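Trainee: Quick one: this structure, given as structure tokens, is what I'll be asking you about.
The values are calculated or read from the model by the stated rules, or taken from the named source; none is laboratory data. Computed from a predicted structure; not experimentally measured. Counting neighbours? That spans all protein chains shown, and the Cβs are built from the backbone with ideal geometry, glycine included. When the accessible area is computed, the model is the full protein with side chains, heavy atoms only, and any ligands, DNA or RNA have been set aside. Shrake-Rupley method; radii C 1.70, N 1.55, O 1.52, S 1.80 Å.
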Amino acid sequence: MNSHHHLRIIHYILLTFIFTVGSAFFLHFEYYPKYQFITVLATVTAYILWGFSHHASERRLSWGVITEYLLLGFVVVLMFAAVLNIRL
Amino acid sequence: MSLYEQFLPHPHLYKHGHHRRAKLLHLPALASYLFFLLSLIFSISFTSIHLPGILGYATNINFDDLVKETNKRRVEQGLQPLAINSRLNAAAASKGAYMFTHNFWAHVAPDGTTPWYFFTNAGYEYRFAGENLARDFNDSNSVVEAWMDSPSHRENLLNPNYTDIGFAVVNGTLGGQETTLVVQLFGKPLSPNYLATVPSEAATAENARSVSQPAGEKLTVTPINNPPALENPAASSPAGQILPAVNIFNASKGVTLALGLFMTLLLAIDGVYAIRHRILRLSGSTLAHLGLLALAMIGIWYTNVGAIV
């Protein structure tokens, strides 16, 4: 296994950590929708930054990739905004 | 443009020499999902404000069930059930009206008015006092369950120092949204003979508080200009009378889960295709996207309606 694969594994471990922490906070703030939404915002922000760094390290970061992560992140944020009754 | 290309990965190479995802996962499609969700949220806001009869109020919350559920949990813990107190009911109603009138939802008002003001204003001189608040729930049991799930509210609900309970379930418009507020007050009077309490057959529960006034602590009351009363009857009304035409929470949940599932399926198909054909795409990580969407759907699935404070 070369260093590229090691780096990739580290990246995905970091992503799992981001998801785990986000899930823990989301559960912790059950019945507190504003805090849950802040948790979603933080988790999605971390996810987008992870995507940028992951693709940059693999020399595959492009405007298309950046836009894709941003759009998907916003979609997820708005999905939660709709369910958590967050008014924009 | 074939239907195949909309839903499935492109089987042939494109201009930059790379296979591409299904068109419904391309950037314009993602942007359209974003626009759809924005439209949904703004439509809910608009309908809530301008067409209140459609979204309506949550209405299966009622006084008797709240008392019953609260006291049930107290009895289960070996505690005495609480007695309904008419002055605490009046204090809770005043607090509910005050929140609608002053457009806030919290234990302490923006003008500094504390929960204890409403106790004394209703003529309830207390030795112990507490308050629990909830909003946007669909039924009484869910409200009490939510309080029981929160350590601070549970502590109030199972506090042996309380002897009396009062409730208000009030509909109104808060921050431009129609909502149902539940105010739950606990107390123990300074003098046992001071207050007239109403024994209740349903008094098999007690309420929790997230704010309490401990015994012997000096009460701080911030004077307010307007008495906490139903200043605008149109702004708030007793709950349990208006049935919503649409349960907006369930509708939003269904729509977002459907969209999430749709995107997840497209990505999963793309991922399998890419692995089988050993394709390296110049796009975001399919595995990471799938993880995010799966997590989002699980979170949305387990999201509860209602909030407490």
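Trainee: Counting only trypsin sites (Lys or Arg not before Pro) that are in a DSSP loop and have at most 13 other C-beta atoms within 10 Å, tell me the longest site-free stretch of chain A.
Mentor: Free of exposed loop sites, the longest segment is A:1-58.
Trainee: For the residue pair B:Ile275 and B:Leu51, what label-to-label distance in nm results when each label sits 7 Å from Cα along the Cα-to-beta-carbon direction?
Mentor: Going by the 7 Å Cα→Cβ label model, 4.5 nm.
Trainee: Excluding ligands, DNA and RNA, what is the solvent-accessible area per residue of region A:3-83 at a probe of 1.4 Å, expressed in Å²?
Mentor: Averaged over the residues of region A:3-83, the accessible area is 51 Å².
Trainee: Show A:Phe25, A:Phe37 ordered by accessible area, largest first, where the area counts protein heavy atoms only and the probe is 1.4 Å.
Mentor: The most accessible residue leads, giving A:Phe25, A:Phe37.
Trainee: Continuing with this model, one more query. May I ask you to give the solvent-accessible area per residue for region B:81-181, in square angstrom, as obtained with a 1.4 angstrom probe?
Mentor: 29 Å²
Trainee: If ligands, DNA and RNA are left out, what is the accessible area of B:Leu282 with a 1.4 Å probe, given in Å² to the nearest 10?
Mentor: Rounded to the nearest 10, that gives 100 Å².
Trainee: Mind listing the Cα extents of region A:3-83 along all three principal axes, in Å, largest one first?
Mentor: Principal-axis extents of the Cα atoms in region A:3-83, largest first: 44, 25, 12 Å.
Trainee: Right, something else. For B:Met148, B:Met99, give the ranking by accessible area with the largest first, probe 1.4 Å.
Mentor: B:Met148, B:Met99
Trainee: Hydropathy first: keep DSSP H helices in chain A averaging at least 1.0 on Kyte-Doolittle, then drop any whose Cα extent along the axis falls short of 27 Å, and list what survives.
Mentor: Span-like helices in chain A: A:63-83.
Trainee: Summing both sides, how much accessible area is buried between A and B? Use a 1.4 Å probe and give Å² to the nearest 100.
Mentor: Separately minus together, A and B give about 3700 Å² buried.
Trainee: Now, a different point. Using a 10 Å cut-off on Cβ to Cβ distances, tally the other chain neighbours for every residue of B:247-258 and report the average as a whole number.
Mentor: The shielding value for this peptide is 3.
Trainee: Take every Cα pair under 8 Å in chain A that's 6+ residues apart, average their separations, divide by the length, and report that relative contact order as a whole percent.
Mentor: Dividing the mean separation by the residue count of chain A yields 31 percent.
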